[in-house]
Structure formats: C-alpha cells, structure tokens
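Down below is the structure, laid out as structure tokens.
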Amino acid sequence: MTGVEVPLIYVVTGIFIFLRGLYALFARPHLLHKLVAGNLAASGVFLVIAWSPQGGPPDPVAQALVLTGIVVSVAVTAYAAALLARLEQTSGKPYLEHDPDR
Amino acid sequence: MSAGIAPWLLAAPVALPLGAGLLMTLLVRGRSLLTLVAGTGVLIAVLLLLDVPVGTRLELAVGGWPAPLGIRWHLDLLAIVFLTSTAVIALAVALFAALHLSRSEPAIARHFWAPLLFVWAALNALFLSADVFNLYVTLELLTLAAVMLVTLENNQPAFDGAMRYLLVALAGSTLYLLGVALFYHATGTLDLVLAAGAVPPAALALMTVGLMAKGALFPLHAWLPPAHAAAPAPGSALLSALVVKAAFYILLRLWLESAPNHDAGRILLGLCGTGAVIWGSLLALTQARLKLVLAYSTVAQLGYLLLVFPLAQGAWTGTAFAGGVWLAVSHGLAKAAMFLAAGLVMYTLGHDRIAELRGLARHAPLTLFTFGIAGVTLMGLPPSGGFVAKWLLLTAAFGSGQWPWALVLMGGGLLAAVYTFRIIGAGFGEGPIERKPPRAPQWIALALAGLALLAGVAAELPLLQLQEAAP
C-alpha cells in the first residue's frame, strides 16, 4: 500500500460506517438499536476526521477533535441509556409511541 | 471606552451559570436563590459588555492556550445581541419559576434549576464560540440540558418526547460533525472567518442539514411540538424562545460569514422557511391544546428566520440580516411570554384545552391580555418588534426584486392573527376555574410581552448597528 491509498481507506470506510449507522438509527424500532446505531455513525465520522491528507505525520488538531468527540459521544450515550431505562419503566416497552399528537 | 473592559469578562456569562449549575447538586435548599443570584451576575456582565464599541471584536483565549489547539472566544455585535436577549428572557423565566413553579409544583421545581443554568451556560458559550468544532461541543451541551428540561414532568409523554428529541439531535449532530470534518480538511482551519469563501459545498450541506434537525427547521421539525408541549411551562418557554435559536445563530454565521456565495442553497433554505410558515401555521390552527398551538407557532416563526438567507444579498444584506436577528429576538420575548401565560392557564383551569378556556377573561384578565400583546409581535403588527423586523425583511424583498418572499411574510402574519384570536376569543364568557392565578407571575409574563412590543419602538440604534455590522 502506498501513502495515498491508506488515508483513502479511512475516508471510504468512515463514510460507509457513518451511512450504515445513520440508516439503522432511523430504520430500527428498538431504542437500544437506535442508540448503538448513533454511536456507530459517530465512529465513522471520527475515522474521517482522523484522516491526515498527505499520509504524513499525524495532525494533532484532528486527534484532539476525535478525542473530544469521543468524550461528547460517551456523555450523550450515557444520558440516552438512562433516559431509555426510565422510558421503559414508565411505558413498559423500549419503543417510541407513534403519533404523539393524537 | 473599551479600555475598562477586560477580555476575561467574556468568561463570566459562561462560568457563572455553569458553576452555579454544578453547585446545585450539593444544595438541598436555596436553589432558586442561587439561580437568581448567578443569573443577575450574568445580566450585569452582559450589560458591561454592551460598552464594547461596535466594530471591535473582543477576544479571549480560554486558559491562555492559543488556537488551533486552544479555545478562542470572541464577542461581536451579533453575539452581544443574542447574549443580552437571552439574559433578559432566562432571568425572567427564572424569576417566574421561583415565584410560581416552586409553589405550584415543588417536586418539579427542585430539578428545574440545574438544567436552566446549563441551558443558559451552553447558549452563552455557543454565542461566544468562533470555530465550528467549539460550536459542535456547545450544541451538544445545549441539547443535553434541553432534553433534561423536557423530562421534568417525569411521565411517559415527557420521556417519549425527550427521547424523540435526543435521537433527532443525535443524528443532527453526527451530520454536523461530518460536515466539520470536511470543512477542516478542505480549509485547514476550524475558524468560521478564516475559512471564508473556501468551505466546500458538501461540508456546508451536511452542517446545514444537521443544524436544521437540531433547530426544528422544516421539514425536520416533527420532534418539536411533543417535546416542547411536554415540558413544564417555564421549561417550554426556554426551549421555544431560546434553545431552537442556537441553530439559526450558527446558520447565520456559516452562510453569511463563511460561505457567502451559494445562491441556490439560499433559495432552498428560503423554500424550507416558506414550508415552515405554511405548515406550522396550519397545524397551529387545528390543535386542540394551547401548548401545542404555541409549539406549532414556533415551527412557523422559525420559518421566517430562514427567509433571511435568500434576502441577504448584495446591497440588501444588512437590511435582511438586521431584520432576521430582530425577528429572532422579538419572537423569543413574545414566545417566552406566551408559554409562561400558558402555564398560568394550566394552573387556573387545571387543563389547557382551547375549547374550554371560558372564564379566563374574567378571572385571569392579565394572562389573556399577555396572549394579545405577545400576539401582536407574532402577527407583525406595529409597533411591535415583529413589525419592525418584518418591515426590514419586506424592504429587502422588494428592494432586491424578490417579491414572492414578501407574500410569505404577509400571509404568515394573517395565519398568526387567526390562531392568536382563536385563543383570546375562547377566553371570553363565563366558565368554571379551579383557582385564582397568582398576581406577580402574571406580571412577569406580561412584562416579557411588553418588551416584545417595545422592541419595535426602541429599536433604531441596535438595528442601525446591526445593518452596519452585517458580514
């Protein structure tokens, strides 16, 4: 593999993982599936950020962004998991209601 | 003048509510008092910052670390307008909650203060952030705090609305972050101003769609009504008046400062705004519950803000920019007033079904009057802030030869008149009430509505400055 192909693999894989996660976030009805899918999509984005254009030395800014992004992602996931637990306690099922207005 | 203003003062509007919010977890008593003290501190700091001369950018490198690894905050006119209006609205809501929510629903009030302060701190940090990644982090802080506000009622509809909101926000922030990745790789910077003109269309599109999901901008608005209606009244006031404006604020900076040349994208945003005005207003007309009317009205009013993008072009940029910003401020004041008044309606009648509002005119005239005064701004009638803002947008529409947008502005006002009069009309006649509403909270809601009205009279100076400061 040459220095040009390596970053391309990161970007293509990252975008594929992102799209796969985003699709599952909408398509899967079970809330735990949605939560994992959201995390998967975020991981894909981290791969795209971590790509450094010349395939040369790693970019410290990009690494700082990914680290911060992971911290944010962990916090959101923990909160969403707690909310999911409370929702299941009150409604008895780990799904969203349909048509909340009616 | 600015010699007396140290850059560290920029930290106060974020540090005070954040510190107080964290301290809240240790306190058993005095939570409302701590909130009001911290909030007053923020208001004082923001009023001191008003002294910064127009055209200068006050900057602060947080912790002494320079960009790009450090966090840079800056203050310009757009930031100060949003900081000030947020401080006024948030403090009024806190005062309302201290006087009313603590008495009527003490179990909910106990947990209201921390999310209020976190929302406030996140908003202020967002207004001061100068780069797209810090904006991402502050948006996430804002979302988590806002979802906490939705969950306060502690029942199934609240958790359902909160989860829906959180999941849409999660998708939105991931899209936005992918846009940030492309933004950074294409421009080599995260700074909105330094990247000006070099933002790739794909990054712009991803960030915009993500922000539209977070800001409930049509057609990604469906999560808003159940979430905003499920929160307790002061929480709904914060969500509808302040939280949804954060996405608009970033869109303004992104499209006007960083990516000024995307005409097709701007027209697309304008069309989304048109859809929001029509669809939101029509659904507001058909709702049976007062809080849902107000929530759909927010969807509609956010649509007007999107009209800024097609209108802010060439010589008319300043006019449309000033009009859009002022519309956001006026709507914030008016909608906060209306949601607080809706809370008082719930307290007085024990429900918020529009068909059974009779008796309000007799037993809670101030509250019904609040809907009328705030409604003047939503309709865009003189002398309200909404009128002046729409007037500027109309001027830009006719001046730049884009009159179809003017039809949206005027038609939306008519629809707002219909749903406002529907609320007020339902309040007349004799009907049963559960208890008398307290006096002081009614005056707070009315004062916010009055400020929305005054925003049209006392607007000349800020509007002229905004027109000049437009990017």
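Laboratory data are not the source of any read-out in this text; all were calculated from the coordinates shown. Please read these numbers as outputs of a predicted model, since none were measured by experiment. Note that each Cβ is placed from the backbone with ideal geometry, even for glycine, and that neighbours are counted across all protein chains shown.
Answer with yes or no whether B:Glu140 is acidic (Asp, Glu) and at the interface with another protein chain (Cβ under 9 Å from one of its Cβ atoms). So B:Glu140 passes the test.
Please determine whether any residue of segment A:52-70 is more than 7 Å from every other protein chain (Cβ to nearest Cβ) and under 13 Å from the mean Cα position of the chain (by Cα). The answer is yes; a qualifying residue exists. Yes or no: B:Tyr176 without any contact (Cβ under 8 Å) to a residue 60 or more places away in the chain, buried (at least 24 other Cβ atoms within 10 Å of the Cβ) and within 14 Å of chain A (Cβ to nearest Cβ)? Criteria met by B:Tyr176.
Residues that are farther than 16 Å from A:Ala85 by Cβ and more than 7 Å from chain A (Cβ to nearest Cβ) within segment B:158-171 comprise B:Tyr165, B:Val168, B:Ala169, listed in sequence order. If I filter segment A:82-89 for residues that are of a type outside the set (A, V, I, L, M), surrounded by 19 or more Cβ atoms within 10 Å (Cβ to Cβ) and within 7 Å of another protein chain (Cβ to nearest Cβ), do I get at least one hit? Scanning segment A:82-89 turns up no residue that is of a type outside the set (A, V, I, L, M), surrounded by 19 or more Cβ atoms within 10 Å (Cβ to Cβ) and within 7 Å of another protein chain (Cβ to nearest Cβ). If I filter segment B:366-380 for residues that are buried (at least 24 other Cβ atoms within 10 Å of the Cβ), free of Cβ contacts under 8 Å to residues at least 40 places away in the same chain and small (Gly, Ala, Ser), do I get at least one hit? Yes, segment B:366-380 has at least one match. Scan segment B:421-442 and tell me whether some residue there is of a type in the set (A, V, I, L, M), in contact (Cβ under 8 Å) with a residue 40 or more places away in the chain and within 25 Å of B:Ala94 (Cβ to Cβ). Yes, that holds for at least one residue. Sort out which residues of segment B:444-471 are assigned to a helix (DSSP H, G or I) and within 30 Å of B:Ser258 (Cβ to Cβ), and write them in order of number. B:Glu460, B:Leu461, B:Pro462, B:Leu463, B:Leu464, B:Gln465, B:Leu466, B:Gln467, B:Glu468, B:Ala469, listed by residue number. When you look at B:Ala295, is it buried (at least 23 other Cβ atoms within 10 Å of the Cβ) and more than 14 Å from chain A (Cβ to nearest Cβ), yes or no? Answer is no for this residue. Being closer than 28 Å to B:Ala449 by Cα, touching a residue at least 12 places away in the same chain (Cβ under 8 Å), in a helix (DSSP H, G or I) and more than 10 Å from chain A (Cβ to nearest Cβ) is a description that does not apply to B:Gly265. One residue is enough: does segment B:131-152 have a residue meeting the conditions under 28 Å from A:Ala27 (Cβ atoms), assigned to a helix (DSSP H, G or I) and more than 18 Å from the chain's Cα centre (by Cα)? Scanning segment B:131-152 turns up at least one residue that is under 28 Å from A:Ala27 (Cβ atoms), assigned to a helix (DSSP H, G or I) and more than 18 Å from the chain's Cα centre (by Cα).
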